[in-house]
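The structure appears below as C-alpha cells.
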Amino acid sequence: MSSSFTPDKQTRSILAGIDTEYGFTIEGRDVTNQADDSMAFVRHSPDEGLLMWDYQSENPRRDMRGFQVNHLTFDAQDAEFDGGRSRPPAAEERSDRALPNGARFYNDHGHPEYATPESWSLADLVAHEQLGDQVVLNAARALSQKLNREVQVYKNNTDFHGASWGTHESYLTPRKHEFNDLARAIIPMLIARQVLTGAGKVGSESKGPVKFQITQRADFFVEPMNVETLSRRPVFNTRDEPHADSSKWRRLHVISGDSNMHPGCTRRKVGLVKLALILLDQDRVPQWEIPDPVTSFQLVSRDAVGEGRVELEARSWTTPRQILESYCDAADHAEIADPEILELLSETRTLLEARHSNPDNFWPHVDWAAKLWLLNQFADSEGQWEQSAMQALDLQYHLLDREDGLYYGLSSAGLLCGNDVHPSAHGLPPNGSRAVARAAFIQNFPEQIETLSWGQIRLKSGESITLDPSLWYEQGLLDVESIEELTRRLSQ
Amino acid sequence: MIYADRKQAPMPSEPQRKLGDDGGPSKPDIERPTAPNELLKRMKNIDPDQAKKYRQRSGQ
C-alpha cells in the first residue's frame, strides 16, 4: 500500500484523524424530529459493523490548561427543540458502529457522524474520509427505502439560520510541549490555512452581511480558546482527551476547519497542521502574536477577493499568505522525512502564488474558490447575483449525490484538479496505525470482543489490550488466524 | 528558535475594510474555462428556496 509518496514506518510524522458530522433532510420531517431521525439514520446502516463503543475513558470536559469544567454548554435553540422529548439511554442514542476499517459511525447531537480510523499518511486519511461519505450515503438510502421518503445528505457545516455542526481533526501530540507553545504554533496556522482549505459560504450568520466568504465556520467562533464545541465555540479548542496514555500524549482537537468536498482540501487542511506540529517539535515555529484570533479569522474569511488581513501587535498587520509562507520557510531549515509534507510545502507555495496572479491555476484546487467560480458563472448567465438563490446553490454544492451535487458536477466535467483519492481504503485500515489492530479484531474475532474504544479492546475472556498510538502496526495482523496469536503479538 | 521574516505594514488610521462593509467578491478575472451548459441548466432547476427551508440542529 505504501509508496514513495506516502510515509512508512521510518518517515511517518503525526497520527491524525477526522470526524465529520453530516447535515440531512428527510421528506416530510423537520428539525424538531432530527434527534430521533439521526438515531434512526445510523441504525439503518447496512454496512458491516459491531454495535458497540466504550465511553469509559472519554471525558470531553478536561481542559488542556489544567482544569476541568463542570459542564459543557448546550445550544439554546436545540434545547427548545428537545422540550418534552424523553431521551433514550446514552448508548442507545449514540447507536455506535465500530467498522471493519477501524472507523466509527454514530449519532452525535442529532447528526450522523463518521470518525475515520487514525492514519499516519494523508493519502490514507483522505481515502478513509471519503469512505465515510459512502457509509453515510448507504445508511441514507436504506432509511429512504424503509420510510419511502426522500433522504438527502449534505456535507457542510451550516444551515444558514445560525446552526453549525463540525468537522473535527485530531492530531496525536506529545504531552511534553507546553500548552502556550502549542497554541502559538497552531493558532496562526488555523487562521491562515483557510485561504487554501475553506469550503466557502454565501452570506453570513453574524457580524453583518457579506456576499461570500471563504469558510463555513468563521461566523461561529466567539472566543480565542476554550473547551466548548456546541456553543461559544473557540478558534482553538482546548479539549484534553488524548484517547491514549495521558501522561505522554495530548490530542490536538481542531474544530475550526470546514467539511471539504474536494479531497485535495482535506489533505491540505490536515497537512498544514501537521507541518505546524513538526515545526513545534523541532523548535522552529514562526513567531506570530495575534491579539484577536476571532476577528482575524473572520476578517480572513470575509476577504475572498483580496489577500486577507491578520492584525498583529503594535498596530501592524500581515496576510494569511505571509503567515503560510513563514511556515514553509521555517520548514526549509527543519528535518522533514515525511514525503507527503515535503510535497505539501511545494503545493502550498504554488497555490499561494497562483491565487491572485493566475486564478485559473488556483480555483480548481480549492473548494471555496471552485464554488465561487461556479456561482459567478451562474450569475453571469442569469445577469444577476441573487443572494437567496445563491445560498440554494451553495447548499447544492455540498449535496452528497453524484448526479445532482454541484461539487460532483464540477468534478465530472473535469474542471477540478488534485481531487484524486488514494484507492486503499476499501476493506483495509490505514497503513501502520493502531487502527490495524482494532480492525483485525473487528474483522476476524468480532464475537470475542466485549467492548472497544480508540485505545483499548476488552475481550470476553477478561483480557484487555491497550493500543499504543505511537507504534507501527503491521498489516499482517489482519491475517492472524487465532485470537491467542493476535493478542500475543500485540502484547510484545 | 527561528523568527519568521515578517513583512508587516503599519496600521492605517482607518482600517481599510471592516467586517461586512465590502461589496462582496467580483468574478475572477478569467474568460476560460466556462461551466458546461448542462451544469448551468441543472443549477437553474434547483429550488431557489431550498436553503431557506434547510434547518438543522447545532452539532459540535
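Among the residues of segment A:83-100, which ones are of a type outside the set (Lys, Arg), surrounded by fewer than 16 Cβ atoms within 10 Å (Cβ to Cβ) and at negative phi? Spell out the reasoning first.
As a first pass, look at segment A:83-100 and keep what is of a type outside the set (Lys, Arg): A:83-84, A:86, A:88-93, A:95-96, A:98-100.
Add one more test, that the residue is surrounded by fewer than 16 Cβ atoms within 10 Å (Cβ to Cβ), and what stays is A:83-84, A:86, A:88-92.
A:Gly83, A:Ser86, A:Pro88, A:Pro89, A:Ala90, A:Ala91, A:Glu92 - these are the residues of segment A:83-100 that are of a type outside the set (Lys, Arg), surrounded by fewer than 16 Cβ atoms within 10 Å (Cβ to Cβ) and at negative phi.
Can you pull out every residue in segment A:333-369 that is within 11 Å of another protein chain (Cβ to nearest Cβ) and either at pLDDT below 95 or closer than 26 Å to A:Lys201 by Cβ (or both)?
Looking only at segment A:333-369, we keep the residues that are within 11 Å of another protein chain (Cβ to nearest Cβ), and these are A:333-334, A:355-364, A:368-369.
Answer for segment A:333-369, where residues must be within 11 Å of another protein chain (Cβ to nearest Cβ) and either at pLDDT below 95 or closer than 26 Å to A:Lys201 by Cβ (or both): A:Arg355, A:His356, A:Ser357, A:Asn358, A:Pro359, A:Asp360, A:Asn361, A:Phe362, A:Trp363, A:Pro364, A:Trp368, A:Ala369.
Please go through segment A:155-178 and give me each residue that is more than 21 Å from A:Gly271 (Cα to Cα) and away from every other protein chain (no Cβ under 14 Å), ordered by number.
Hit for segment A:155-178 is A:Lys176, nothing else.
Which condition does A:Ser424 not pass, out of (1) of a type outside the set (A, V, I, L, M, F, W, C); (2) touching a helix residue (DSSP H, G or I) at 6+ places or on another chain (Cβ under 7 Å); (3) part of a loop (DSSP other than H, G, I, E, B); (4) at pLDDT 95 or above, if it passes all the others?
Here A:Ser424 meets the rest and fails (4).
List the residue pairs whose Cβ atoms are under 9 Å apart, where the first residue sits in segment A:47-69 and is free of Cβ contacts under 8 Å to residues at least 12 places away in the same chain and farther than 20 Å from A:Arg97 by Cα, the second is surrounded by 12 or more Cβ atoms within 10 Å (Cβ to Cβ) and of a type in the set (S, T, N, Q), and the two are 6 or more positions apart or on different chains.
Listed by first residue and then by second, the contacts come to A:Gln68/A:Asn59.
Answer yes or no: is there a residue in segment A:329-344 that is in contact with an Asp or Glu (Cβ under 8 Å, 6 or more places away or on another chain) and touching a residue at least 60 places away in the same chain (Cβ under 8 Å). Steps first, answer last, please.
Kept after step one, since they are in contact with an Asp or Glu (Cβ under 8 Å, 6 or more places away or on another chain), are these residues of segment A:329-344: A:329.
Still in the running and touching a residue at least 60 places away in the same chain (Cβ under 8 Å): none.
The answer is no, given that none of the residues of segment A:329-344 is in contact with an Asp or Glu (Cβ under 8 Å, 6 or more places away or on another chain) and touching a residue at least 60 places away in the same chain (Cβ under 8 Å).
Taking segment A:300-321 as the search range and keeping residues that are more than 16 Å from A:Ala369 (Cα to Cα) and crowded, with 23+ Cβ neighbours inside 10 Å, which one is farthest from the chain's Cα centre (by Cα)?
As a first pass, look at segment A:300-321 and keep what is more than 16 Å from A:Ala369 (Cα to Cα): A:309-319.
Now narrow it down to the ones that are crowded, with 23+ Cβ neighbours inside 10 Å: A:310, A:318.
Details: A:Val310: 24, A:Thr318: 27 Å.
So the residue we want is A:Thr318.
Might you let me know whether segment A:17-31 holds any residue that is among the hydrophobic types (A, V, I, L, M, F, W, C), in contact with a helix residue (DSSP H, G or I) (Cβ under 8 Å, 6 or more places away or on another chain), modelled with pLDDT of 95 or more and closer than 27 Å to A:Pro446 by Cα? Spell out the reasoning first.
Just the residues of segment A:17-31 that are among the hydrophobic types (A, V, I, L, M, F, W, C), to begin with: A:18, A:24, A:26, A:31.
Checking which are in contact with a helix residue (DSSP H, G or I) (Cβ under 8 Å, 6 or more places away or on another chain) leaves us with A:18, A:24, A:26, A:31.
Still in the list and also modelled with pLDDT of 95 or more: A:18, A:24, A:26, A:31.
Now narrow it down to the ones that are closer than 27 Å to A:Pro446 by Cα: A:18.
Within segment A:17-31, one or more residues are among the hydrophobic types (A, V, I, L, M, F, W, C), in contact with a helix residue (DSSP H, G or I) (Cβ under 8 Å, 6 or more places away or on another chain), modelled with pLDDT of 95 or more and closer than 27 Å to A:Pro446 by Cα.
Does A:His111 count as surrounded by 22 or more Cβ atoms within 10 Å (Cβ to Cβ) and within 14 Å of the chain's Cα centre (by Cα)?
Working: surrounded by 22 or more Cβ atoms within 10 Å (Cβ to Cβ): yes; within 14 Å of the chain's Cα centre (by Cα): no.
Criteria not met by A:His111.
Select from segment A:1-28 the residues that are surrounded by fewer than 16 Cβ atoms within 10 Å (Cβ to Cβ) and within 14 Å of another protein chain (Cβ to nearest Cβ) and write down the one among them that is nearest to A:Ala123 (Cα to Cα).
A:Glu27
Any idea which of A:Asp292, A:Asp281 is in the same structural domain as A:Phe362 (by TED's automatic domain parsing), surrounded by fewer than 20 Cβ atoms within 10 Å (Cβ to Cβ), within 30 Å of A:Thr466 (Cα to Cα) and among the acidic types (Asp, Glu)? Give the derivation first.
On the way: A:Asp292 fails: within 30 Å of A:Thr466 (Cα to Cα).
Going through A:Asp292, A:Asp281 in turn, just one is in the same structural domain as A:Phe362 (by TED's automatic domain parsing), surrounded by fewer than 20 Cβ atoms within 10 Å (Cβ to Cβ), within 30 Å of A:Thr466 (Cα to Cα) and among the acidic types (Asp, Glu): A:Asp281.
Going through segment A:376-401 one residue at a time, which ones are buried (at least 21 other Cβ atoms within 10 Å of the Cβ) and more than 9 Å from chain B (Cβ to nearest Cβ)?
A:Tyr397, A:His398, A:Leu399, A:Leu400
Only one of A:Gln145, A:Gln56, A:Gln77 is away from chain B (no Cβ under 14 Å), assigned to a helix (DSSP H, G or I) and out of contact with any strand residue (DSSP E or B) (no Cβ under 8 Å at 6 or more places or on another chain). Can you tell me which?
Working: A:Gln56 fails: assigned to a helix (DSSP H, G or I); A:Gln77 fails: away from chain B (no Cβ under 14 Å).
Sole residue among the options that is away from chain B (no Cβ under 14 Å), assigned to a helix (DSSP H, G or I) and out of contact with any strand residue (DSSP E or B) (no Cβ under 8 Å at 6 or more places or on another chain): A:Gln145.
Quickly run through segment A:284-332 and pick out the residues that are among the small types (Gly, Ala, Ser) and at the interface with chain B (Cβ under 8 Å from one of its Cβ atoms). Give the derivation first.
Step one: list which residues in segment A:284-332 are among the small types (Gly, Ala, Ser), which gives A:296, A:301, A:304, A:306, A:308, A:314, A:316, A:326, A:330-331.
A:Ala304, A:Gly306, A:Ser316, A:Ser326, A:Ala330 - these are the residues of segment A:284-332 that are among the small types (Gly, Ala, Ser) and at the interface with chain B (Cβ under 8 Å from one of its Cβ atoms).
Filter segment A:443-466 down to residues that are free of Cβ contacts under 8 Å to residues at least 40 places away in the same chain and not in a strand (DSSP E or B) and give me whichever is nearest to A:Lys248 (Cα to Cα).
A:Glu463
In segment A:271-319, how many residues are in contact (Cβ under 8 Å) with a residue 24 or more places away in the chain, of a type in the set (A, V, I, L, M) and in contact with an Asp or Glu (Cβ under 8 Å, 6 or more places away or on another chain)?
7
The values are calculated or read from the model by the stated rules, or taken from the named source; none is laboratory data. All values reported here derive from a predicted model rather than from experimental measurement. Ideal geometry is used to build each Cβ from the backbone, glycine not excepted, and the neighbour counts take in all protein chains shown.
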